[in-house]
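Quick note: the coordinates plus some simple rules give every number you see, no bench work behind them. This structure is a prediction, so every number in the text was calculated from the model and none was measured. Positions of Cβ are generated from backbone atoms using ideal geometry, with glycine treated the same way; all protein chains shown enter the neighbour counts.
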Amino acid sequence: MSQNSAPSTTLQDIIAHAKEYGFVFPSSEIYDGLQAVYDYGQNGVELKNNLKQAWWKAMTQLHDNIVGIDAAIFMHPLTWKASGHVDGFNDPMIDNKDSKKRYRADQLLEGKAEEYTNLGQPEKAQALLTKMGALLSAEKLDEVRQLIIDENIVCPISKTSNWTEVRQFNLMFSTQVGSVAEDASNIYLRPETAQGIFVNFLNVQKSGRMKVPFGIAQIGKAFRNEIVARQFIFRMREFEQMEMQFFVRPGSEMEWYENWKATRLKFHQAIGLPASKLQYHDHDKLAHYANAAVDIEFEFPFGFREIEGIHSRTDFDLKNHQELSKKKMQYFDPDLGEDGKAIGNYIPFVVETSVGADRLFLATLCNAYTVETGEKERTYLKLHPALAPIKAAVLPLVKKDGLAEKAQEIANSLKSSFRTIYDEGGAIGKRYTRQDLIGTPFCIAVDYETMENGTVTIRHRDSMEQERVAITDLKEKIGYAVSMERILEEI
Ligand code: GAP
């Protein structure tokens, strides 16, 4: 028997599987969908919630000095001025005049660099990326356009290089608050959850008597008007972030940056992403707020791409909020410094970890999707048991002779401990297959022997091996295997 997931798995396989088995649907599909917006189905929401729970516990339960918040999506408009998003949260866009298609100028050049790399010319690729980074930082958009032309980049649709000028496009969505037109004011849908943490920094620090270093974690929706939205749930206009801002003493930020880099990589491995499919990627072009930044990338069917960013954000955000709000963002550090003097007041520096829940979901799904070929072909999701939407399915061999009732009784007895379903429809082999396709790690079969001696068989999803166990042992045996503890112990 041979197994494979990526690279022979295509994104199309994943999209089809996600739709067919209730993981992800296109948004408002009956109206032909809405580009770059997706809905999570009955199994998808469970998997996503489990991922969010793993992250939340990894942050708040494993660290005494990290607490969570849940800030509003709408924020005072000045928040986005202070954060730099009003002036700097832009993507350079370019249109092809013949096809009328719009592209991100940086992505066209990155695509070219990838071509060079694939042709065995990594130096040429790096030189192009460096040049692009310099031109974009200096806002030399004319020269970015020229670079696209010089590199002979053509529109994949029209095959021409009849390009418009490059323009900056702000990615924030805006809307109005206020019931009367004259009173209405423009506000934004948050493009990152981080600012909800920054503006609450002192509220949490004071009410929780937190001492630096400490962190604030948050999970929530973010919105970006992405110019080119593609690759399924990888790049969406409405998505979910799991962010943690870690407030540290100025000067200690690089140590914490390294520390969080390592901790976050371990998290991804603990939820089941293999080390061979994960890599760090240092940023060529730093965001407007960062003095160091790295991505953790996962190998999707379409190549290595970012799933998480770790940024050393200095005191950029708190300082700017202090300036615009006129409220002090300083922390009083009661400890003594090396010179024996009290350290006193300062604005903390921040190391941020920011992972997209949807990208993590996609990475998990791509990694779990397994096709076995050979004498017995099957497709199944090899999800970490703690992440699986359903942990156990109880299946009576037949419906008669009291087996169905016994199986229902067993399912009911397990439900309060972990997500268990009862399924009596169709041949048992078909029912195993149904559970394999959604990644259920344990199937419990109830047969005639069950009625005689109170035992059942547990069928293990990955090995398909079956073992006979007492009904009274099920809760303990399966309970630990599917618990979040299993993930947290690995971090
Ligand atoms: N607060 C920092 C920040 O927002 P980012 O690198 O722009 O940094 C962090 O975003 C993470 O959010 C990314 O690593 C990615 O997982 C996720 N993300 C960003 N844009 C996304 C989009 N359009 N669709 C899905 N996920 C996205």
> Counting other Cβ atoms within 10 Å of each Cβ, which GluC sites (Glu not before Pro) in region 257-353 have at most 12 and sit in a DSSP loop?
Replying inline: Glu338
> Once you sort the root eigenvalues of the Cα gyration tensor of region 1-124 as a ≥ b ≥ c, which label holds: rounded (a/c under 1.5), prolate (a/b larger than b/c) or oblate (the other case)?
Replying inline: rounded
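Of all trypsin sites (Lys or Arg not before Pro) in region 258-346, which ones are in loop regions per DSSP and have a Cβ with at most 11 other Cβ atoms within 10 Å? Each step should come with its number before you reach the end.
Numbers: sites: Lys261, Arg264, Lys266, Lys277, Lys285, Arg305, Arg313, Lys319, Lys326, Lys327, Lys328, Lys341; in loops: Lys285, Lys326, Lys327, Lys328, Lys341.
Answer in residue order: Lys326, Lys327, Lys328, Lys341.
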> Taking H as built 1.01 Å from N, whose amide H comes closer than 5 Å to the amide H of Phe173, not counting residues under 5 places away?
Replying inline: Leu189, Asn225
> If the cut-off is a Cα-Cα distance under 28 Å, which lysines reach Lys100, setting aside same-chain residues fewer than 8 apart in sequence?
Replying inline: Lys112, Lys131, Lys140, Lys159
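With each run of n ≥ 4 DSSP H residues scored as -39500 (n - 2.57), what mean residue ellipticity at 222 nm is computed for the chain after dividing by its residue count and rounding to the nearest 500 deg cm²/dmol?
Values: 17 runs with 169 residues, N = 491.
Value at 222 nm, helices only: -10000 deg cm²/dmol.
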>> Above 16 Å lies some portion of the pair distances; for region 182-233, what is it as a whole percent of all C-alpha pairs?
In response: 60
> What's the angle, to the nearest 10 degrees (0 to 90), between helix 105-118's Cα axis and the longest principal axis of the chain?
Replying inline: 60
> In region 168-219, which trypsin sites (Lys or Arg not before Pro) are in a loop and have at most 13 other Cβ atoms within 10 Å, using DSSP for the loop call?
Replying inline: Arg209, Lys211
> When the Karplus curve 6.51 cos²θ - 1.76 cosθ + 1.60 is applied with θ = phi - 60°, which whole-Hz ³J(HN,Hα) does each residue of region 317-322 get, with x for Gly and Pro?
Replying inline: 5, 4, 5, 5, 5, 4
> How much net charge surrounds Tyr257 when only other residues with a Cβ under 12 Å from its Cβ are counted (Lys, Arg +1; Asp, Glu -1)?
Replying inline: -2
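Grab the other residues whose beta carbon is less than 12 angstrom from that of Asp333, score K and R as +1, D and E as -1, and report the net.
Numbers: positive: Lys211, Arg249, Lys341; negative: Asp335.
Net charge in that neighbourhood comes out at +2.
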> Counting Lys and Arg as +1 and Asp and Glu as -1, each charge on the Cβ, what is the dipole of the chain about the Cα centre in debye, to the nearest 20?
Replying inline: 640
